[in-house]
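Just below is one structure, and these are the notes that go with it.
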Amino acid sequence: MVYQVYPRSFQDTNGDGIGDIQGIISHLDELQDLGIGAVWLSPVYPSPNADFGYDISDYCGINPEYGTMADMDRLIREAEKRDIKIIMDLVINHTSDEHPWFLQSRDKNSPYRDYYIWRPGRNGNPPNNWTSFFAEDCWEYDEKSGEYYLHLFSKKQPDLNYYNPKVLEEVKNILRFWLDKGVAGFRCDVINLLYKSSLEDGKKRLALTGSEYYISQEGTHEILRTLRREIFDPYNCFTVGETVFVTPEMGRKLCDGELDTIFSFEHMEVDQFYVKWFKRKFNAEKFGKVISRWQNALEWNANYLENHDQPRSVSRFGDEGKYWTESAKMLCVLLMTLRGTPFVYQGQEIGMTNFDFTSMDQIKDVESHNVYRLAKKLHIPERIRWNMIKKTTRDNARTPMQWNDGPNAGFTTGTPWLAVNPNYNRINMKSQINCPDSIRNFYKKMIEIRSQSDVLKFGNFEAIETTKCLFAYKRTYKDQSLVTALNFSPVEQKFNRSGEVLLSNYRTEFFNGVLKPYEAVIIKA
Ligand code: TEU
Ligand code: CA
C-alpha cells in the first residue's frame, strides 16, 4: 500500500509556511502505525515552482524550501527503519525552462540545442496546431534563437527531445543516482507522452489537438523497454506510470515488459462532460463499470481515488455532509478490496474535503489560472467560469494537511502557502487518531485486514452487480471468496446475499440483504 505525500502541504517545521522533509520525517511513526508499505513523494527537486515541482531545474538536488540532501538521506534511512520504502516522482517528459540544459539550449550552436524540440514558425505562426494540457499554446517563441519550442504543459515546462539519444543517457544517470541512494522506485509522470512520432498538424479537437502523435507511441514503448532492461530490472525497482488518456489496450502494452503498473484515468472522468472542467452528476453505475473493466483488463492495477491533481474523493464520489464518515469509509473499502496496489493520498485517510474557494486569488495552480483566462477569452459567463474552477481546481487537494485543531491545523506556525481548509476544527488527525471509530482508524483496520488476506491481495476480480446506487464484486483465491458490496447512495439498498461480515462501516455481525446509506460490507462467501 502506497501513501502519497505532497511535500509542500504535508508538514512545515521551520515556520516558512511550506511543508518540508523534516516534516515528513516527523510523521513517519504515524504512517507506520497506519500500516503503509511505501511513501510516494511528489517532486522535492529544485524548481521555480511554475507547476510546484513538476518543473524541475536540477534532477539530483533538493529544493532548499524542502531541506537539504542530508535531510533526504535521513528520510530514506528513517523510513527504512520503519519498513517503509520511498518512491520518487520521475518527471522526464519536460524540465523547467530554468534547467541549465534549457538555458544552454536556447543557443542554436549549443550541444544542448537538441535536448529540446525546436522548430521555426510557419509564416509568423507556431509550427503546428497542437494545444497544451494547460489551456495555452504549446509552442513558445524564443527571441534569442528565433525559433519555437514545444511544451505540452506550461511554457515553463519545455518538452525533452527523445530523438536525441543523449537525453535518455541523462535520464539513466538520474535514475542510477536515486537508486544508489536507496529509493525503491518511481512514479513516472505523464510517461506515455515521451515520444512525439510526428510534428504535423493534428486532427482538430475540443482538447489536446495533436495528441494522436504523442500518446503511447512505439518510440515511448521502446524507451521504456530500454529503461526496464538497463535500470529497472537490474535495480529491482518498482515503477508506476502516470498514463493519461490510456486505453486498456495501451495499458496492457505498457505493463508488458515496461512498467509494473499504471494509473489510468477513466474512473476520474465519469463526473465530467468531455473535459474535466465541465462537471456532471456523479454516476455510480458508470463508475463501477469503468472500474470493473480496468480490473479485468490489467493483471495488476494501481488503484486510486485521489492525488494532488484531483478534487477530494469524499466531496466527489461520497457525501461530505450528512454521511461524511460513512461515505469516506465506504470509499476506503472500495480502494482496499480491489485487485492491485492501493494508493492513498495525504488527508484522504481523515476524510479531508474540497475547499470552499470564493475567489481566484485564493488559488495558486497555474492550470486553474490558465483555464480561467481562456474561459474569459471564450466569453463564458463569470458565474459558470468560477464554478468550473472552484469544483475542479487541483488546489482542492493541495490545501495543507489538517493535523490538529490548533492554529493553521498544526501545519505551520507561519503563514501557509495555500490556505488551510477552515473545517480543520472538525476534520483533523488528532481528533481521529485516538478515536476507534474514526475514518483514520477504519483505514488502519482495513489496511491490516488486506495485508492478512490472500483473497484481497491475490484473488481475481469478478463484478456481481453494478447499478445506479450499488457496486458489488467478488474476489476469489483458491477455494476462498469475499464479496464486497458498496452503497453509493443515501438510501437503503437491497443486496440479495447474506453471510458473516469481515468488515463494514456499520455492523460487525451478519449481513442479511439490506445496505444502509453509504454502507460498505465485505462478506465471507
Ligand atoms: O499530470 C498530468 C495530467 O495530465 C493531469 O492529470 C494534470 O493534472 C492536468 O490536470 C490535466 O488537465 C502530471 C502531474 O501529476 C501534474 O501535477 C503535472 O502538472 C503534470 O503532469 C505536468 O508535469
Ligand atoms: Ca518549511
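The values are calculated or read from the model by the stated rules, or taken from the named source; none is laboratory data. Nothing here was measured: the structure is a model prediction, and the numbers come from that model. Neighbour counts are summed over all protein chains in view; Cβ atoms, including those assigned to glycine, are modelled from backbone coordinates with ideal geometry. In case anyone asks, the SASA skips ligands and DNA or RNA and just uses the protein heavy atoms, side chains included. Shrake-Rupley method; radii C 1.70, N 1.55, O 1.52, S 1.80 Å.
I need the full set of residues from the stretch 429-456 which are charged (D, E, K, R) and either within 13 Å of Leu503 (Cβ to Cβ) or out of contact with any strand residue (DSSP E or B) (no Cβ under 9 Å at 6 or more places or on another chain) (or both), in order please. Steps first, please.
So the first thing to find is which residues in the stretch 429-456 are charged (D, E, K, R), and the list is 430, 437, 440, 444-445, 448, 450, 454.
Selection gives Lys430, Asp437, Arg440, Lys444, Lys445, Glu448, Arg450.
Residues in the stretch 63-105 that are within 16 Å of ligand 2 (Cβ to nearest atom) and not hydrophobic (A, V, I, L, M, F, W, C): Asn63, Pro64, Glu65, Tyr66, Gly67, Thr68, Asp71, Arg74.
To keep it simple, each residue is scored yes or no on (1) open to solvent by less than 10 Å² (accessible area, probe 1.4 Å); (2) more than 16 Å from ligand 1 (Cβ to nearest atom).
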| site | (1), (2) |
| --- | --- |
| Gly53 | yes, no |
| Ser57 | no, no |
| Met69 | no, yes |
| Glu80 | no, yes |
| Asp89 | yes, no |
| Ile92 | yes, no |
| Ser105 | yes, yes |
| Asn129 | no, yes |
| Glu143 | no, yes |
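Every listed requirement among (1) under 19 Å from the mean Cα position of the chain (by Cα); (2) surrounded by 22 or more Cβ atoms within 10 Å (Cβ to Cβ) is met by Ser96 save one, (1). The sole residue among Gly185, Gly241 that is more than 16 Å from ligand 1 (Cβ to nearest atom) and under 22 Å from Asn307 (Cα atoms) is Gly185. Can you tell me which residue in the stretch 1-25 is nearest to Arg74 (Cα to Cα), limited to those that are away from ligand 1 (no atom under 16 Å from the Cβ) and among the polar types (S, T, N, Q)? Here the answer is Gln22. I'd like to know if the stretch 3-25 contains one or more residues that are small (Gly, Ala, Ser), away from ligand 2 (no atom under 16 Å from the Cβ) and either open to solvent by 40 Å² or more (accessible area, probe 1.4 Å) or touching a residue at least 40 places away in the same chain (Cβ under 8 Å) (or both). So far as the stretch 3-25 goes, no, none of its residues is small (Gly, Ala, Ser), away from ligand 2 (no atom under 16 Å from the Cβ) and either open to solvent by 40 Å² or more (accessible area, probe 1.4 Å) or touching a residue at least 40 places away in the same chain (Cβ under 8 Å) (or both). Cβ separations smaller than 7 Å between residues 6+ apart or across chains give the following pairs from the stretch 265-285 residues that are without any contact (Cβ under 8 Å) to a residue 40 or more places away in the chain to residues that are in a strand (DSSP E or B) and within 13 Å of ligand 1 (Cβ to nearest atom): Gln272/Phe278; Arg280/Gln272. For the stretch 42-51, the tally of residues that are crowded, with 21+ Cβ neighbours inside 10 Å and either of a type outside the set (D, E, K, R) or within 15 Å of Ile174 (Cβ to Cβ) (or both) stands at 6.
Which residues, counting only those in the stretch 473-522, are assigned to a loop (DSSP other than H, G, I, E, B), of a type outside the set (A, V, I, L, M, F, W, C) and open to solvent by 60 Å² or more (accessible area, probe 1.4 Å)? Outline the logic, then answer.
Of the stretch 473-522, the ones assigned to a loop (DSSP other than H, G, I, E, B) are 478-479, 488-492, 495-498, 505-509, 512-513, 516-519.
Still in the list and also of a type outside the set (A, V, I, L, M, F, W, C): 478-479, 489-490, 492, 496-498, 505-509, 512-513, 516-519.
Across the stretch 473-522, the qualifying residues are Lys478, Asp479, Pro490, Glu492, Asn496, Arg497, Ser498, Tyr506, Thr508, Glu509, Asn512, Lys516.
Annotation note: Cβ proximity below 6 Å between a residue of the stretch 468-481 that is in contact (Cβ under 8 Å) with a residue 40 or more places away in the chain and a residue that is part of a loop (DSSP other than H, G, I, E, B) (sequence gap 6+ or interchain) occurs for Cys469/Phe488; Cys469/Ser489; Arg475/Gly459; Ser481/Ala525. Figure legend. Inter-residue proximity from the stretch 381-402: first residues among the acidic types (Asp, Glu), second residues part of a loop (DSSP other than H, G, I, E, B), beta-carbon distance below 8 Å, spacing 6+ or different chains. Indicated pairs: Asp395/Phe355; Asp395/Phe357; Asp395/Ile363; Asp395/Lys364; Asp395/Asp365; Asp395/Leu418.
Give Arg385, Arg373 a once-over and let me know the one that is surrounded by fewer than 16 Cβ atoms within 10 Å (Cβ to Cβ), away from ligand 2 (no atom under 16 Å from the Cβ) and either part of a helix (DSSP H, G or I) or of a type in the set (D, E, K, R) (or both). Give the steps one after another, and end with the answer.
On the way: Arg385 fails: surrounded by fewer than 16 Cβ atoms within 10 Å (Cβ to Cβ).
Result of the check over Arg385, Arg373: Arg373.
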